[in-house]
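See structure below.
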């Protein structure tokens, strides 16, 4: 279906959206933090120095002329994605942008099962 040039982008977007929904659902179910990060330039930017190193999709090795880092393109992208996720980890689960996952609508988002309206204990 993705080979249909008129619908390919829509089908691909729907597939990634479903994949993200499943990841968020199972992350919540098993008590794991899931953080969506923007994928832009994750394989282009050097994970060591941050310099943008342009390359075609057929180039599988990341070679940074600035700092000399040589790594597989996917490993470099994975490190960049991890760094992006870790620098936003303090905001995980807050849904600050209002994009509450569809599975979480009406569900209690507290992992310990406590009521959000619970008062402080008496001293």
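What to note about this one:
- Residues of segment 10-47 that are at pLDDT 90 or above, surrounded by 13 or more Cβ atoms within 10 Å (Cβ to Cβ) and in a loop (DSSP other than H, G, I, E, B): 42, 43, 44, 46, 47.
- Put simply, of 58, 17, 12 the only residue that is in the same structural domain as residue 79 (by TED's automatic domain parsing), free of Cβ contacts under 8 Å to residues at least 40 places away in the same chain and either out of contact with any helix residue (DSSP H, G or I) (no Cβ under 8 Å at 6 or more places or on another chain) or at positive phi (or both) is 58.
- Only residues that are farther than 25 Å from residue 17 by Cα and either at pLDDT below 90 or not in a loop (DSSP other than H, G, I, E, B) (or both) were counted across segment 57-75, and they come to 6.
The values are calculated or read from the model by the stated rules, or taken from the named source; none is laboratory data. Remember, it's a predicted structure, so these values are computed and weren't measured experimentally. Cβ atoms come from the backbone with ideal geometry, glycine included; neighbour counts cover every protein chain shown.
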